[in-house]
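What follows is calculated from the coordinates using simple rules that are stated; it is not laboratory data. Values in this document were obtained by computation on a predicted structure and should not be read as measured data. Cβ atoms come from the backbone with ideal geometry, glycine included; neighbour counts cover every protein chain shown.
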Amino acid sequence: MEVLLAQGCRGQAVAVARGLTDLQPLRESSWALLLRSLGRAGRPAEAVREYERCRRLLLAELGVEPGPALRRLNAALRSHRPAPVPG
């Protein structure tokens, strides 16, 4: 997915990331990839909606809020700043 983003294949990257969240819906790393790919594809509002969907899922299934990395990514998307790059 990261390679697809680097190559400018944003739509494909979103599809791959969405597939990861479908396969492993409780993995925050999959959600982070989806949010970053949506943000880079120029779809920040959709990314924020997906964050909220992830948040509701984590609360319902595990009783926890998203972790700090996912919250920072959400804040960046909401403030229209570039999404933080991992590492």
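Which of the residues that make up the range 31-83 are of a type in the set (S, T, Y) and out of contact with any Leu (no Cβ under 7 Å at 6 or more places or on another chain)?
S79
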Residues of the range 28-58 being farther than 15 Å from L73 by Cα and not hydrophobic (A, V, I, L, M, F, W, C), in sequence order, are R56
Condition set basic (K, R) and without any contact (Cβ under 8 Å) to a residue 24 or more places away in the chain, scope the range 1-37, selection surrounded by the most Cβ atoms within 10 Å (Cβ to Cβ): answer is R18
Consider the range 20-50. How many of its residues are in contact with a His (Cβ under 8 Å, 6 or more places away or on another chain) and more than 22 Å from A6 (Cα to Cα)? 0
Restricting attention to the range 51-63, does a residue exist that is crowded, with 18+ Cβ neighbours inside 10 Å and over 21 Å from E2 (Cα atoms)? yes
